[in-house]
Amino acid sequence: MEKNNLPELHIAASSEEVLRQMAEFFRDAALRAVAAQDRFSVALSGGNSPRKLFELLASAAYRDQLPWEKGAFFFGDERNVPHDDPESNYGMAKAALLDPLGIKPEQVFAVNTALPPEQAAEQYTQDIEQFFAPYTARFDLVLLGLGDNSHTASLFPHTPVLHTTEANVQAVFVEEKQAYRITFTAPLINQARAVAFLVYGGDKALAVKRVLTEDRQIEEYPAQLIAPTSGNVHWFMDQAAAAELGQLGATTAD
Ligand SMILES: O=C1O[C@H](COP(=O)(O)O)[C@@H](O)[C@H](O)[C@H]1O
């Protein structure tokens, strides 16, 4: 982890509390962006962990607190499956967040998984560049999860994409899944204005400890690649996920 980019830990007593803190961070990032640029861009994470966050953001508690009509919704990674497949990150976000909030299709930028993975990645890079043109792609918020093998987005251990210096979207074949993934590269994530991990549950505790406390070994712990070029990376965790952090967790709890 870069010294000038220390992780900022937000450790909550329960998963309910960490979801609330994450929802507030999401809201504040969106409000800041809208005040500055009259729009906000977010790259959503996939897998299981963000589903409850999305449901919370779409609930009565938050739906009126954000200018949803100003949002542009992207995906930090995607599985190489049709959009209606239960594995689709887009499909999950659509069901839990986008449809309940009535987000318009033109605000949603899904990976075109009908294309071969390499082409889908190239197309998605172009979609992103076009959205931010003439400026560098800089998301207002990139949300991330953490796999129990220390992957984030679809930056899996021992994959070639870990070594790219290009800020774009790439296709990667993941041996352990025997499947292609389409993923933001670490340089693209690190250009964001805010980057936040949402991690809860005891099954993530060892991965959290490895990423945050072990010496840099990006092949083993790809989430160590995340070090925003400006600002810190935020880690929203419950106590179960932070359980192995020892003193680091104890001294930085909210
Ligand atoms: O495969 C993926 O895994 C990570 C972690 O997911 P979780 O189900 O353990 O929460 C996720 O961040 C990524 O977007 C997803 O595609």
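Determine the pairs where a residue that is at positive phi and surrounded by fewer than 15 Cβ atoms within 10 Å (Cβ to Cβ), located within region 164-180, has a partner that is part of a strand (DSSP E or B) and modelled with pLDDT of 95 or more with Cβ atoms under 7 Å apart, the partner being 6 or more residues away or on another chain.
none
In region 131-163, what residues are of a type in the set (Gly, Ala, Ser), under 22 Å from residue 230 (Cα atoms) and surrounded by 15 or more Cβ atoms within 10 Å (Cβ to Cβ)?
137, 145, 153
Which residues, counting only those in region 133-156, are touching a residue at least 12 places away in the same chain (Cβ under 8 Å) and either over 25 Å from residue 49 (Cβ atoms) or more than 16 Å from the ligand (Cβ to nearest atom) (or both)?
Once the filter is applied, which keeps residues that are touching a residue at least 12 places away in the same chain (Cβ under 8 Å) and either over 25 Å from residue 49 (Cβ atoms) or more than 16 Å from the ligand (Cβ to nearest atom) (or both), region 133-156 yields 136, 137, 138, 140.
Given the conditions (1) in contact (Cβ under 8 Å) with a residue 24 or more places away in the chain; (2) within 12 Å of the ligand (Cβ to nearest atom); (3) surrounded by fewer than 24 Cβ atoms within 10 Å (Cβ to Cβ); (4) of a type outside the set (D, E, K, R), report the number of the one that residue 200 does not fulfil.
Residue 200 satisfies every listed condition except (3).
The values are calculated or read from the model by the stated rules, or taken from the named source; none is laboratory data. None of these values were measured; they are calculated from a predicted model. With ideal geometry, Cβ positions are generated from the backbone for all residues, glycine too; neighbour counts draw on all protein chains shown.
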